[in-house]
Amino acid sequence: MHFSADEDFAKQLDAEDPLQGFREKFHLPVGKDAKPLIYFAGNSLGLMPKSAKQIVEQELHDWATLGVAAHLEGKTPWYSYHEPLREPTARLVGAKPNEVICMNSLTVNLHLMMVTFYRPTKSRFKILMEDPAFPSDTYAIKTQIVHHGLSPKEVLILASPRKGELTVQTEDVLDLMEKHAAELAVVLIGGVNFFTGQLFDIPTITAAAQKHGITVGVDLAHSIGNVPLLLHDWNVDFAVWCSYKYLNAGPGAVAGAFVHRRHATNTDLPRLAGWFGNDPNTRFRMHLEPEFIPVPSADSWQISNPPILAMAPLRASLAIFDEAGGMEQLREKSIRLTSYLQFLLESDPNGRSEKRFTVITPRKENERGCQLSILVHEHGKEVFGKLEAAGVTCDFREPNVIRVAPTPLYNTFHEVWRFAKILAHQ
C-alpha cells in the first residue's frame, strides 16, 4: 500500500471507503466543543448502535404491557431470545449454529468450559497460556487449578516473549507444547493479546496441540468482530468471548461460548448443569423429571434463562455486521486503517517519533487486528493525558503503553490522520 501524509489523502481514502455509511449507524461521543471525539477505544467498549435503543425499549414495553406473558408472547419471545443470536454469531466466529451460545460473562463461560475440558490426571495436568494473558483469565485458570487441589506454580506454563522482545513467537509456543506434550492438558490462548495487540496463529497452535492430544481453548475477547475466525474448520475445542468491545453490545452485555460439534453433541461430557441447558421438551416438567438431560448442542452449557436486557443491544450490533457483509470487507478496511496509522507514526522526517515511542504490535497484517499498542519511552501517562485533552479517546496500560484501536465500522482515515498529528505534537 502506498500512503501519503497529506490530509487530502486521508480524505480521499474516506471518500473511496465502501463502508463509510456505517459510521452514521452509531452514536458518536462528543467533546466540550460539541464535535465528535476521536474514539479509538473500541477494544475496551464499542460505540452504541443507534438501533439498540429501540430494541431495548421494545423489551421494556413488553415487560410493562405483558409481564410474564412476554416470555412467549413478546415481539421477540423471551423464552427463546437467545435463538435469533445463534446464526449471526456463528457467522462471526466461523462456527456451525449448534456450536455457539450467547450467555453469561466471558469469565463465567471460561469457568464453565474448564469444568468440562480441564480434567487433570496424574500424567496430564498442566496448562499453557501466553504471557501476559488478560488478568481475569489468569485468575480463573489459577483458581481452577487450585480447585483440583494443585499448585499454579507447578501447573501453569507461560509462553513469554524472548529477551528484548514484547510479543510471543509462535514457534516458542510450539516448542513449549512439544517439550511438555506428555504433561499438558489444556492450551488456553488469547486470539488477540489484550496488551500488545498480537494476533496469534490459532490454526497452527491448535493443530500442533491436538497432535499430542492437548485440548485447545481460545479467549476471543479482542478477536470477535475484529478479525476473521474459522473456529469449526480450525478444529478449536472451545472458545469464549465478551460482546462489549468490537461487537458494540454495551457495558455488561451478554458474552458467548463456542464448543466444537464433536464435543457439543456429546451429552456424556461432564458439565455444570442448569435448567436452560436441559432438554427443552422436558424443561417445564421440572420436579416431575428431576434428571438433567443435556441438549446435544452448545446450549447444554447454558445454565440460566436469557438475560434479555443484556442481550437486546447485541441484536442491533449483529444486524449491522450482517449488513456490512461479515468480516472480510471489515478486515480489509481494518488493515488499511492500521497500516496507514503505522505509516503516519513513522513518517516524521526528523526521526523524533522513533525516540519518543515504539509500536509494539507486530507489523505483519496477519499478526494483528485493529489495535496498535504504542510504547511511550518517557512520560507515558502525561502523553496519554494530553491526547485525552485534545479530544482523543483511547486507553493506557501500565507501565507505559497507549492502546489505540481504529475500528472499521465507525472510524475514519481522517481521524487516523488527526490522531497522528496530535500525537506528534505532544
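The values are calculated or read from the model by the stated rules, or taken from the named source; none is laboratory data. Since the structure is predicted, the reported quantities are computational estimates derived from the model, not experimental observations. Note that each Cβ is placed from the backbone with ideal geometry, even for glycine, and that neighbours are counted across all protein chains shown. What goes into the accessible areas is simple: the full protein's heavy atoms, side chains included, and nothing from ligands, DNA or RNA. Shrake-Rupley method; radii C 1.70, N 1.55, O 1.52, S 1.80 Å.
What is the one condition in (1) within 19 Å of the chain's Cα centre (by Cα); (2) aromatic (Phe, Trp, Tyr); (3) part of a helix (DSSP H, G or I) that residue 417 does not satisfy?
(1)
Is one or more of the residues making up segment 29-51 under 26 Å from the mean Cα position of the chain (by Cα), surrounded by 17 or more Cβ atoms within 10 Å (Cβ to Cβ), part of a helix (DSSP H, G or I) and on the phi < 0 side of the Ramachandran plot?
No, segment 29-51 contains no residue that is under 26 Å from the mean Cα position of the chain (by Cα), surrounded by 17 or more Cβ atoms within 10 Å (Cβ to Cβ), part of a helix (DSSP H, G or I) and on the phi < 0 side of the Ramachandran plot.
Determine whether residue 190 is open to solvent by less than 30 Å² (accessible area, probe 1.4 Å), at pLDDT 95 or above and touching a strand residue (DSSP E or B) at 6+ places or on another chain (Cβ under 8 Å).
yes
For segment 178-231, which residues satisfy the criterion of being among the aliphatic types (A, V, I, L, M), over 22 Å from residue 395 (Cα atoms) and in a strand (DSSP E or B)?
Once the filter is applied, which keeps residues that are among the aliphatic types (A, V, I, L, M), over 22 Å from residue 395 (Cα atoms) and in a strand (DSSP E or B), segment 178-231 yields 184, 185, 186, 187, 188, 189, 216, 218.
Need pairs with beta-carbon distance below 6 Å; first residue farther than 17 Å from residue 316 by Cα and within segment 78-105, second at pLDDT 95 or above and open to solvent by 50 Å² or more (accessible area, probe 1.4 Å); sequence gap 6+ or separate chains.
Between residues of segment 78-105 that are farther than 17 Å from residue 316 by Cα and residues that are at pLDDT 95 or above and open to solvent by 50 Å² or more (accessible area, probe 1.4 Å), the close pairs are 79/71; 79/72; 94/230; 96/261; 97/87; 99/261.
Return a yes/no flag: does segment 384-391 have any residue that is under 28 Å from residue 190 (Cα atoms) and open to solvent by 10 Å² or more (accessible area, probe 1.4 Å).
Scanning segment 384-391, I find at least one residue that is under 28 Å from residue 190 (Cα atoms) and open to solvent by 10 Å² or more (accessible area, probe 1.4 Å), so the answer is yes.
Just give me the residues in segment 282-341 being more than 26 Å from residue 109 (Cβ to Cβ) and charged (D, E, K, R), in sequence order.
285, 289, 323, 328, 332, 333, 336
Among the candidates 415, 346, 378, 367, which residue alone is surrounded by fewer than 20 Cβ atoms within 10 Å (Cβ to Cβ), charged (D, E, K, R) and at pLDDT 95 or above?
Residue meeting the stated conditions: 367.
Within segment 304-324, which residues are assigned to a loop (DSSP other than H, G, I, E, B), at pLDDT 95 or above and within 19 Å of residue 92 (Cβ to Cβ)?
Result: 324, single match.
Between 292, 284, which is open to solvent by 20 Å² or more (accessible area, probe 1.4 Å), touching a strand residue (DSSP E or B) at 6+ places or on another chain (Cβ under 8 Å) and among the aromatic types (Phe, Trp, Tyr)?
From the options 292, 284, the qualifying one is 292.
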